[in-house]
Amino acid sequence: MTESSTAPASPPENDTGRLDHASRARIFSVIVVVVLFAEVAPLQYTMVSPAAQLIGRSFPGVGSNIAWMTIVFGLVGGAATPILGKLSDLYGKRNMLLAVGVSFLFGSVICATTSNWTMFLIGRAFQAVAIAAATVAYGLIRDLIPRKYVPLAIGLVSTGLGVSGVGGIMLSGVLTDSAGWSYKSLFWFLAIYTVVTLPLVFLICPETKFRARQKLDPLGALLLAGGVGFGLLYVSNGANVGWTDPLYLGYLILGLVLMAAFVVLERRVSQPIIDLKLLFSPQVSVVLFVGFFAAIVVGIQAFAIPYMVSTPSHSELIAAAQQGAAARFKGMVQPNQVPVKVLGDVGYALGFTLLGLAFHVQVYGSSVSMISGAGSGQLSGKIGARRPLLVGMFTFALTSGIYAAWHHGALTLALVGIVFGVGFGAYYATTPNLLVEASPPEQQGITAGMLGVSNSIGTAVGTAIAAAFQAAHPVKLVVAGQTVLAGTPDPKTGITERAAVFTDTAYTQMFIACAIAGLIALIGTYFMRSGRTPSTGGLGYLSGSTPAKQTATA
């Protein structure tokens, strides 16, 4: 892409209520409030997702279906994000943030008060719409914040101010490791956090005056949400039920049919949800392509590392098996008299609690990602978003390769995690900036929503890949001559029906797949033509000098 030195002057913008003449204190107070509120979804990932095993113990009989607490969140959030993004273009971005916050608060209270598994999943579905908070916030930042601050502000929205990345990780460990506290304390904290930040958004952040001059296409919205939802349902649960299960294959086919129908419809309606020429332009489609493979890396690493370090060590597995066998023999033998042999290498296992995971491994990389996000956003406004993204994708591929070769020990995981944190911050700060430059104001919400879809599907694919490798390499125990799966045995029969511990080979293969995805994302970024000039906060699109506008208006 080459810059035009004779680009036409920018046409007058619609009045969005931009804070061009406000004080710095006013501008940054709005940014801080929006960033703090947008952390509601990342908070649940750092606080709730690692506590899945703990939550599962509170719902007897759920067993492996505990995965649905994560599946439902990603499924509903992924399907709702593009629609909520479009609604924010039509009816106001602050209004949509407030609606998302009310839904998240309602869902958090349900999860904190119910002991019924179905109601718990309903609560998770209400929480899931918060995934759209960052998507909507990007558009609000574009409309309100002076353009010179937009790249930095988007970087801050993407990686936060440390509440989720640092505070959430530590707090989750403190709450769940403390005697007398249950998993419900996590949801009560999320509810309190929302009660505090929601009024701040209403009182401090003005509503943008910009509205897209079109009506919502309800059939298009239904087809898009259904296509994304059924596709995610297959990808998210395929590893558990089997990729060839007829029912889930039916979900996949239905999702693809709905997406094809969406494309056909959007080509024919006068006011489509998203301009397909814009969606398939290189300035948008390449970002979504890179985002999909980058999200696979994030999904695998976010799944694998907490699972690895919380896995009981070799000696702990033996001790637990001996205790269980002695209990079944009703005291006829002492635990140390029960012969146990572990079949499979678990040298990676550290047996950490959530607090140990946070303190020894995760908090350092999370802190770096916060700094990297702000820095990458700032750099996007000076040198363009492509180069920071290129660095980010290089670190994704590099850290995945290192993990594939060596993933033993808390120190190794923490140090490599710091490098990954650089890439994590760079990725989440630069991709929204690239789409702000590529999108017209009336398409900002839906375009960012499609990035959310790409991230959701990529994360689900990464998690499914990880689960598939786990299923192929379970650890087994030979206990008093009987071979059983290593996991939590049924208290009545003493038999484990589903493995909960997996061999070192499973994680090596996960990280090899992770490295391949990172390499593809790196190659895609290298050939990316957009993002080679400084980000302007959307001014480049309005001036007509960007290839995205030329493509969309061709």
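The values are calculated or read from the model by the stated rules, or taken from the named source; none is laboratory data. Just so we're clear, the structure is a prediction, and the values are computed from it rather than from any experiment. So basically every Cβ, Gly included, is an ideal-geometry build from the backbone, and we count neighbours across all protein chains shown. Side chains are part of the model used for accessible areas, which takes the heavy atoms of the whole protein and leaves out ligands, DNA and RNA. Shrake-Rupley method; radii C 1.70, N 1.55, O 1.52, S 1.80 Å.
Worth a mention:
- Size of region 111-205 from its Cα atoms: along the principal axes, largest to smallest, the extents are 49, 27, 21 Å.
- Radius 13 Å from Cβ of LYS382, net charge of other residues (Lys, Arg +1; Asp, Glu -1): +4
- Computed FRET value (nearest 0.05) for ASN116 with LYS382, which takes r as the C-beta separation and R₀ as 41 Å: 0.20
- Couplings for region 457-472, taken from phi via the Karplus curve 6.51 cos²θ - 1.76 cosθ + 1.60 with θ = phi - 60°, read 5, x, 5, 5, 5, x, 5, 5, 4, 4, 5, 5, 5, 4, 4, 7 Hz in order; Gly and Pro are left as x.
- The distance linking region 248-294 with region 317-385 is 38 Å (Cα centroid to Cα centroid, whole angstrom).
- A 1.4 Å probe, protein heavy atoms only, puts the accessible area of LYS209 near 130 Å².
- Residues in region 125-141 carry Karplus couplings, in order, of 5, 5, 5, 4, 5, 5, 4, 6, 4, 5, 4, 5, 5, 4, x, 5, 4 Hz; the curve used is 6.51 cos²θ - 1.76 cosθ + 1.60 with θ = phi - 60°, and Gly or Pro positions show x.
- Among 196-202, 140-146, the order from most to least packed when residues are scored by Cβ within 10 Å on average: 140-146, 196-202
- For the chain: accessible area per residue (Å², 1.4 Å): 40
- For the chain, lysine pairs with C-alpha atoms less than 18 angstrom apart, excluding pairs fewer than eight positions apart on the same chain, total 9.
- Working note: 222 nm ellipticity from helices only, DSSP H runs with n ≥ 4, each -39,500 (n - 2.57), summed and divided by the residues of the chain, gives -22000 deg cm²/dmol to the nearest 500.
- Taking 0.36 nm per residue of separation and subtracting the Cα-Cα distance, full extension of the segment from TYR526 to GLN214 would add 108.7 nm.
- Neighbour count of at most 14 Cβ within 10 Å plus DSSP loop: longest GluC sites (Glu not before Pro)-free window in the chain: 14-496
- Per residue, the convex hull around the alpha carbon atoms of the chain comes to 139 Å³.
- Between SER285 and ARG268, the contour length at 0.36 nm per residue exceeds the alpha carbon distance by 4.0 nm.
- Charge tally around PRO146: other residues with Cβ under 10 Å, Lys/Arg +1 each, Asp/Glu -1 each, net +3.
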